[in-house]
Amino acid sequence: MTGIGLGLAAAAIAVLELDATAAGQFMASRPLIIGPTLGIVLGNPALGACLGAFYELLGLNDPPVGGRLPLNATVAVSSALFLALGTPGVPAEIAFPAGAVLGWGQRRLEERFRASRGRLGPLVDQRLNRGLDPGLGRLALCEMAKQAAATFSVMLFALWLGSQGGKLSAWVPGRVLSGLRVGLAFLPWLAGASLLRSFKVAL
Amino acid sequence: MPDGVRQMDAGVQGSIFKRLLLIQACWNFDRMQSLGLAYGLEPWFKSSGLEDREQKKALARHAGEYFNTQPYMASFVAGMVCRLEDERGHIPEAERPARIKRLSALKAAAASALAAVGDALFWGALRPFSAAAALICGFIFWRRGAPYFGIGMAGCYLALYNVPVLWVRWRGIDMGYRWGERLPFELKEYPWQAWILRLRWAGFALAAALLILALAAANHKAAQAAALAAYALVLKKWPAAWPSLYGATCGLGFLAALAGWA
């Protein structure tokens, strides 16, 4: 895929990621949606579907309740796929944990955005007290644009890491790679156990 | 409707519905969803016939109060607030401050109750159920050799999840408006816990079926089944412990490689 194509894919992910908390929450940003779709775009539908399923199921026991931010699964699965399916790319056993790390990093960014929005309340109060239009729609669009820009930067970073795939893989010692391979081999069962636990049924 | 209180117009309901999709766009730690709720209520105040100054005072009240609930269930609260604001406008001036206090208290109580129901229903039951059903769908397509089985999986997930969610988000505005103060009592009439339990059991059955099919297709069935059981036991006690379990598995693989077994 060309650089422009990859850039467009990264931009699409950045916009779709807003669906996770900021806009809509139609689940269009979930790994089970993004994974297969991005996998097809990048040329490996099966890997996309598998990584999408893993991140989806592992995240089911960490819902966004009461303002809590879970690991950003959209960024995790997209980063993992950009890493694994980049040129030359990294093996899937490195891509999975690397994607999770980037997903946690994105979560920290979102927490900072949330903290910075504390200034919006007093700003709106001031405008309304002066009889001005509070501009709530414009404020929402600005905040979403900032978040999308941050996500786009993370996606570009993941694309760059994927392009350095050969160097990255060379840094990982062989035995560590073996360990990661075992981790990936057992991941379906860990994800399956997470799915079972998410239903909280008493047997 | 009581005298003077308006009907919920479909056009205004549509505007509120669209705006409530962005209820979390300005989420912050101080007031949480309050700015998003105020944004959602704006069309109602604009169509209320109130003076511009009164509209802004009402908006300021809602933007300035702490508010947080499950995002889909916010529709009920928005509908209720529209109704109570309308009723407030038709009572004597002297009684309005007390009515405003009551509205705030009702809003907070409804948000809290709806959050508990919404979290359990949508995050705790519908989302995992949709994921399990989508995976079964994907598994069937994959076994039949469909190259883009992931798209079937994604479509199944989106449809199963969004049909009830969109219904709740749309109808919730109207229902909240019709019920007004009676919202908590009317909500109690619905068998939320029964629905949640049925969804959980249905999802659990689908998940169990999927895992049995996967085990049947796997090599080294005993080892895989043992791993699944071990993970399930740990996650039962520590539900969010998957990173540690993943790390431990990688660690065991590393030790096996050191010992020359892998």
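What number of residues within the range A:103-140 are part of a helix (DSSP H, G or I), of a type in the set (A, V, I, L, M, F, W, C) and farther than 27 Å from residue A:34 by Cα?
Initial filter on the range A:103-140 (part of a helix (DSSP H, G or I)): A:103-129, A:136-140.
Among the residues that remain, those that are also of a type in the set (A, V, I, L, M, F, W, C) are: A:104, A:109, A:113, A:115, A:120, A:123-124, A:128, A:136, A:139-140.
Still in the list and also farther than 27 Å from residue A:34 by Cα: A:115, A:120, A:123-124, A:128, A:136, A:139.
Final tally of qualifying residues: 7.
Just the residues that are open to solvent by 20 Å² or more (accessible area, probe 1.4 Å), farther than 30 Å from residue B:68 by Cα and of a type outside the set (A, V, I, L, M), please, taken from the range B:119-145.
Passing the criteria: B:137, B:139, B:141, B:142, B:143, B:144, B:145.
Whether any residue in the range A:65-88 is within 11 Å of another protein chain (Cβ to nearest Cβ), over 20 Å from residue A:181 (Cβ atoms) and either charged (D, E, K, R) or buried (at least 24 other Cβ atoms within 10 Å of the Cβ) (or both) is what I want to check. Let's see the steps before the verdict.
The first filter runs over the range A:65-88 and keeps only residues within 11 Å of another protein chain (Cβ to nearest Cβ), leaving A:65-71.
The next check asks that each one be over 20 Å from residue A:181 (Cβ atoms); those that pass are A:65-71.
Subset that is either charged (D, E, K, R) or buried (at least 24 other Cβ atoms within 10 Å of the Cβ) (or both): A:68.
Checked the range A:65-88: at least one residue is within 11 Å of another protein chain (Cβ to nearest Cβ), over 20 Å from residue A:181 (Cβ atoms) and either charged (D, E, K, R) or buried (at least 24 other Cβ atoms within 10 Å of the Cβ) (or both).
What number of residues within the range B:220-246 satisfy the criterion of being within 21 Å of residue A:94 (Cβ to Cβ) and either of a type in the set (Lys, Arg) or exposed (fewer than 13 other Cβ atoms within 10 Å of the Cβ) (or both)? First the steps, then the outcome.
Start the filter on the range B:220-246 by keeping residues that are within 21 Å of residue A:94 (Cβ to Cβ), which leaves B:242-246.
After this cut, where a residue has to be either of a type in the set (Lys, Arg) or exposed (fewer than 13 other Cβ atoms within 10 Å of the Cβ) (or both) as well, the list is B:244.
Count: 1.
When you go through B:197, B:183 one by one, which is the residue that is within 9 Å of another protein chain (Cβ to nearest Cβ) and closer than 20 Å to residue B:116 by Cα?
Working: B:183 fails: within 9 Å of another protein chain (Cβ to nearest Cβ).
None of the other options fit; the residue is B:197.
I'm trying to understand the selection: among the residues of the range B:16-63, which are more than 7 Å from chain A (Cβ to nearest Cβ), under 19 Å from residue A:147 (Cα atoms) and not in a helix (DSSP H, G or I)?
B:23, B:33
Can you tell me which residue among B:260, B:251 is at the interface with chain A (Cβ under 8 Å from one of its Cβ atoms), more than 30 Å from residue B:77 (Cα to Cα), without any contact (Cβ under 8 Å) to a residue 60 or more places away in the chain and of a type outside the set (Asp, Glu)? Spell out the reasoning first.
Numbers: B:260 fails: at the interface with chain A (Cβ under 8 Å from one of its Cβ atoms).
The match here is B:251.
For residue A:46, all conditions in the list (1) surrounded by fewer than 21 Cβ atoms within 10 Å (Cβ to Cβ); (2) free of Cβ contacts under 8 Å to residues at least 12 places away in the same chain; (3) within 29 Å of residue B:24 (Cα to Cα); (4) not hydroxyl-bearing (Ser, Thr, Tyr) hold save one; what is the number of the exception?
Exception for residue A:46: condition (3).
Among the numbered conditions (1) within 12 Å of chain B (Cβ to nearest Cβ); (2) hydroxyl-bearing (Ser, Thr, Tyr); (3) surrounded by fewer than 24 Cβ atoms within 10 Å (Cβ to Cβ), tell me where residue A:55 comes up short.
Failed condition: (3).
Say whether the condition of being over 24 Å from residue A:25 (Cβ atoms), touching a helix residue (DSSP H, G or I) at 6+ places or on another chain (Cβ under 8 Å), open to solvent by 70 Å² or more (accessible area, probe 1.4 Å) and within 10 Å of another protein chain (Cβ to nearest Cβ) is met by at least one residue in the range B:146-162.
First pass over the range B:146-162, keeping only residues over 24 Å from residue A:25 (Cβ atoms): B:146-149.
From the residues that got through so far, the ones that are touching a helix residue (DSSP H, G or I) at 6+ places or on another chain (Cβ under 8 Å) too are B:146-149.
Going one step further and asking which of them are open to solvent by 70 Å² or more (accessible area, probe 1.4 Å), we end up with B:147-148.
Add one more test, that the residue is within 10 Å of another protein chain (Cβ to nearest Cβ), and what stays is B:147-148.
Yes, that holds for at least one residue.
So which residues in the range A:61-74 are in a loop (DSSP other than H, G, I, E, B) and more than 15 Å from residue B:246 (Cβ to Cβ)?
Looking only at the range A:61-74, we keep the residues that are in a loop (DSSP other than H, G, I, E, B), and these are A:61-72.
Listed by number, the residues that qualify are A:63, A:64, A:65, A:66, A:67, A:68, A:69, A:70, A:72.
Quick test for you: out of A:48, A:24, pick the one residue that is within 9 Å of chain B (Cβ to nearest Cβ) and either assigned to a helix (DSSP H, G or I) or in contact with a Cys (Cβ under 8 Å, 6 or more places away or on another chain) (or both). Give the derivation first.
Values: A:24 fails: either assigned to a helix (DSSP H, G or I) or in contact with a Cys (Cβ under 8 Å, 6 or more places away or on another chain) (or both).
A:48 is the lone residue from the list that is within 9 Å of chain B (Cβ to nearest Cβ) and either assigned to a helix (DSSP H, G or I) or in contact with a Cys (Cβ under 8 Å, 6 or more places away or on another chain) (or both).
Before we move on, is residue A:2 β-branched (Val, Ile, Thr), open to solvent by 40 Å² or more (accessible area, probe 1.4 Å) and closer than 20 Å to residue B:150 by Cα? Can you show your working first?
On the way: β-branched (Val, Ile, Thr): yes; open to solvent by 40 Å² or more (accessible area, probe 1.4 Å): yes; closer than 20 Å to residue B:150 by Cα: no.
So residue A:2 fails the test.
If I ask for residues that are within 13 Å of the chain's Cα centre (by Cα) and of a type in the set (A, V, I, L, M), which ones from the range A:141-160 would you list?
Across the range A:141-160, the qualifying residues are A:148, A:150, A:154, A:155, A:156, A:158.
Under the condition of being under 17 Å from residue A:80 (Cβ atoms) and free of Cβ contacts under 8 Å to residues at least 40 places away in the same chain, which residue from the range A:159-185 is most open to solvent (accessible area, probe 1.4 Å)? Full working, then the answer.
Of the range A:159-185, the ones under 17 Å from residue A:80 (Cβ atoms) are A:159-165, A:168-169, A:172, A:177, A:180-181, A:183-185.
Those still in the list that are free of Cβ contacts under 8 Å to residues at least 40 places away in the same chain too: A:160, A:164, A:185.
Values: A:160: 135, A:164: 42, A:185: 60 Å².
Applying the filter and picking the extreme gives A:160.
Are any residues in the range B:163-180 within 20 Å of residue B:22 (Cβ to Cβ), aliphatic (A, V, I, L, M) and buried (at least 16 other Cβ atoms within 10 Å of the Cβ), and if so, which ones?
Of everything in the range B:163-180, those that are within 20 Å of residue B:22 (Cβ to Cβ), aliphatic (A, V, I, L, M) and buried (at least 16 other Cβ atoms within 10 Å of the Cβ) turn out to be B:165, B:168, B:173.
Filter the range A:186-203 down to residues that are in a loop (DSSP other than H, G, I, E, B), within 7 Å of chain B (Cβ to nearest Cβ), among the hydrophobic types (A, V, I, L, M, F, W, C) and open to solvent by 10 Å² or more (accessible area, probe 1.4 Å), then give me how many there are.
So in the range A:186-203, the residues in a loop (DSSP other than H, G, I, E, B) come out as A:199-203.
In the following step, the residues that additionally are within 7 Å of chain B (Cβ to nearest Cβ) were identified as A:199-201.
From what's left, among the hydrophobic types (A, V, I, L, M, F, W, C): A:199, A:201.
Retained after the next criterion (residues that are open to solvent by 10 Å² or more (accessible area, probe 1.4 Å)): A:201.
So the answer is 1.
From the list B:180, B:251, B:260, exactly one residue is closer than 30 Å to residue A:180 by Cα and either in a helix (DSSP H, G or I) or among the basic types (Lys, Arg) (or both). Which is it? Show your work before the answer.
Numbers: B:180 fails: closer than 30 Å to residue A:180 by Cα; B:260 fails: either in a helix (DSSP H, G or I) or among the basic types (Lys, Arg) (or both).
After applying the criteria, what remains is B:251.
Considering the range A:117-142 alone, what residues qualify as being within 8 Å of chain B (Cβ to nearest Cβ), more than 12 Å from residue B:59 (Cα to Cα) and exposed (fewer than 14 other Cβ atoms within 10 Å of the Cβ)?
A:118, the sole residue that qualifies.
The values are calculated or read from the model by the stated rules, or taken from the named source; none is laboratory data. What you are looking at is a predicted structure, and each value in this text was computed from that prediction instead of being measured. When we count neighbours, we look across all protein chains shown, and the Cβ atoms used for this are built from the backbone with ideal geometry, even at glycine. What goes into the accessible areas is simple: the full protein's heavy atoms, side chains included, and nothing from ligands, DNA or RNA. Shrake-Rupley method; radii C 1.70, N 1.55, O 1.52, S 1.80 Å.
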